[in-house]
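I have placed the structure first, in the form of C-alpha cells, so that the comments after it can refer back to it.
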Amino acid sequence: MSATRYTYLGPEGTFTEAALRTLPEAATRELIPMVSVPAALDAVRHGDAAAALVPIENSVEGGVTATLDELASGEPLMIYREVVLPIAFALLVRPGTALTDIKTVTGHPVAQPQVRNWLRAHLPNALWESAASNADGARLVQEGRFDAAFAGEFAAATYGLQALVTEIHDAENAETRFVLVGRPARPAAPTGADKTSVVVWLGEDHPGALLELLQEFAVRGVNLMLIQSRPTGAGIGNYCFAVDAEGHISDRRVGEALMGLKRISPKVRFLGSYPRAGVTPQDVRPLRAGTSDGEFMDAADWLARSQDGRI
C-alpha cells in the first residue's frame with residue numbers, strides 16, 4: 001500500500017481537492033485525482049492509496065448517493081476524518097464569452113439544485129447537461145464542448161477559463177461535507193466531539209420496523225444527525241439506512257445502541273467514529289440524564305450485585 005498517496009474526486013480543481021488541501025497531512029502526500037467516487041475508493045481497497053477524500057453530504061441536496069452506496073457495498077472501508085467546506089460557484093467560460101453567448105452549461109449533478117434559481121433568472125434558455133464533477137465540467141468548457149460550467153472560482157486558472165460571475169448560490173451558507181476514508185482499523189480515541197456513522201439494513205418489512213431501529217438510539221439518548229434511506233438493489237421495498245449519530249463507539253450509550261441494532265437488523269456496517277469538523281467538546285450539548293458512561297456503569301454494577309444477591 002502507498003502510505004503517501006491520497007486519492008480524491010477529480011480532476012484537478014474540484015471542491016473535493018480544495019477540501020483535501022485543508023488537511024495538514026495533504027502537504028506531505030501525493031494527491032491523485034480520480035474520475036469518480038468509486039474509483040477513488042477502489043484505489044484504497046486495492047492498496048494503491050492510503051486514503052481517499054470524497055463528498056458525502058450537501059446542506060442543500062442532502063446525502064451524496066454515489067458515496068453512500070459505495071460505502072454500503074463492496075469491501076468495507078472506514079471514515080477517519082471529515083471536512084466541511086463552504087460552497088459558492090463561479091460561472092466559468094472561455095475568455096471573451098459574454099452571458100448572452102451561453103447556450104449550454106454543465107456541472108456536477110449536485111451543483112444544479114444549488115444554482116437552479118440563478119439559472120432560471122439569468123440563463124433561462126440554457127441547456128444543462130451533467131458532468132462527472134464540477135472541474136470536469138470546466139475541462140469540457142476548455143475543450144469547447146460546453147459554453148459554461150459551474151465550478152469553484154479556483155478552477156478557472158487550471159483550465160484557462162474566466163470567471164464570468166462569482167459567488168453564485170441559491171442558498172446562503174451552503175456547505176458540503178467530505179470524508180477521508182481508509183481501510184478498517186481501530187478508530188481514533190474519542191475527543192468529546194465525535195460522530196459515528198453506520199449503515200443499517202431493514203429486516204422484515206412490517207409496521208414500525210424503522211421505528212424499532214430508531215428507538216435503539218432514542219432510548220439511550222443518542223442524537224441522530226443524518227438518516228437517509230438507500231435501495232439495496234434486492235427489489236422494490238428493500239432499503240438500508242445511512243445513519244450519523246453523535247458520539248463515539250467507545251461511549252457506552254453509542255456502543256449499546258449499536259449492539260441493539262445488531263440484535264434486530266440483518267446487517268449493520270460500522271463506518272467509523274471520528275471527530276466532528278469545526279466542533280469542540282464545549283460545543284456539544286449536555287447529555288440527557290441517565291446516558292453518561294458513569295450512569296451506564298452504575299446500572300451494570302447494580303445488575304451484577306442483584307444477580308449475586310448483593311442487594
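The values are calculated or read from the model by the stated rules, or taken from the named source; none is laboratory data. These numbers come from a predicted model, not from an experiment. Virtual Cβ from ideal backbone geometry, glycine too; neighbours counted across all protein chains shown. For the accessible areas, the whole protein counts, side chains as well, though only heavy atoms, and no ligand, DNA or RNA atoms are used. Shrake-Rupley method; radii C 1.70, N 1.55, O 1.52, S 1.80 Å.
What is the packing order of peptides 275-286, 218-229, 144-155, taking the mean over residues of other C-beta atoms within 10 Å and listing the highest first? Present the calculation step by step, with values, prior to reporting the outcome.
Numbers: 275-286: 12.4, 218-229: 15.9, 144-155: 22.4.
Output ranking for 275-286, 218-229, 144-155: 144-155, 218-229, 275-286.
Can you order the peptides 301-310, 254-263 by their average number of other Cβ atoms within 10 Å per residue, highest first?
Averaged packing, sorted descending, gives the order 254-263, 301-310.
Only four residue types carry charge here, +1 at the Cβ of Lys and Arg and -1 at the Cβ of Asp and Glu. Report the dipole size of segment 176-278 about the Cα centre in Debye, rounded to the nearest 20. Let's see the in-between values first.
Working: 13 positive and 9 negative charges, 80 e Å.
Computed charge dipole of segment 176-278: roughly 380 debye.
Under unit Cβ charges (Lys, Arg +1; Asp, Glu -1), what dipole magnitude, rounded to 20 debye, does the chain have relative to its Cα centre?
360
Would you work out which of Ile227, Gln215, Gly260 lies farthest towards the positive end of the dipole of segment 193-270, given +1 charges on the beta-carbon of Lys and Arg and -1 on that of Asp and Glu, about the Cα centre?
In segment 193-270, that residue is Gly260.
So, with +1 on the Cβ of K and R and -1 on the Cβ of D and E, and no other charges, what is the size of the charge dipole of segment 37-110 about its Cα centre, to the nearest 20 debye?
320
Among the aspartates and glutamates, which have Cα under 13 Å from the Cα of Lys262 when same-chain residues fewer than 8 positions away are ignored?
Glu212, Glu216
Would you mind checking the tilt of helix 112-122 against the longest principal axis of the Cα atoms of the chain, expressed as 0 to 90 degrees and rounded to 10?
For helix 112-122, the angle is close to 30 degrees.
Which of Ala157, Ala185, Ala277 sits closest to the plus end of the dipole of the chain, meaning its Cα is farthest towards the positive end, when Lys and Arg get +1 and Asp and Glu get -1 on the C-beta?
The residue sitting farthest along the positive end of the dipole is Ala185.
For the chain, what is the mean residue ellipticity at 222 nm derived from helices alone (per DSSP H run of n ≥ 4: -39500 (n - 2.57); sum divided by total residues; nearest 500 deg cm²/dmol)?
Counting only the DSSP helices, I get -8000 deg cm²/dmol.
Please report the base-10 log of the normalised intensity I(q)/I(0) for the chain, using a Debye sum with one equal scatterer per alpha carbon and no solvent, at each q in 0.07, 0.09, 0.11 (1/Å).
Treating every Cα as an identical point scatterer, log10 I(q)/I(0) equals -0.34, -0.53, -0.75.
Which whole-Hz ³J(HN,Hα) couplings does segment 156-167 yield from phi under the Karplus relation 6.51 cos²θ - 1.76 cosθ + 1.60, θ = phi - 60°, glycine and proline marked x?
Once θ is set to phi - 60°, the couplings for segment 156-167 become 4, 5, 4, 10, x, 10, 10, 7, 6, 9, 10, 6 Hz.
Working with all protein chains in place, sort Tyr8, Tyr239 by solvent-accessible area computed with a 1.4 Å probe, largest first.
Tyr239, Tyr8
Once the piece of chain linking Ser250 and Leu303 is laid out straight, how much longer is it, given 0.36 nm per residue of separation minus the C-alpha distance between them?
Full extension from Ser250 to Leu303 adds 17.0 nm.
Summing +1 for each Lys or Arg and -1 for each Asp or Glu, what net charge is found among the other residues whose Cβ lies under 11 Å from the Cβ of His248?
Details: positive: Lys195, Arg252, Arg253, Arg276; negative: Asp194, Glu246, Asp251, Asp293.
Neighbour charge sum, excluding His248 itself: 0.
State whether segment 165-311 is rounded, prolate or oblate according to the following rule on the C-alpha gyration tensor (a ≥ b ≥ c being the square roots of its eigenvalues): a/c under 1.5 gives rounded; otherwise a/b larger than b/c gives prolate, and the remaining case gives oblate. Numbers along the way, then the final one.
Details: a/c = 2.16, a/b = 1.33, b/c = 1.62.
The shape class here is oblate.
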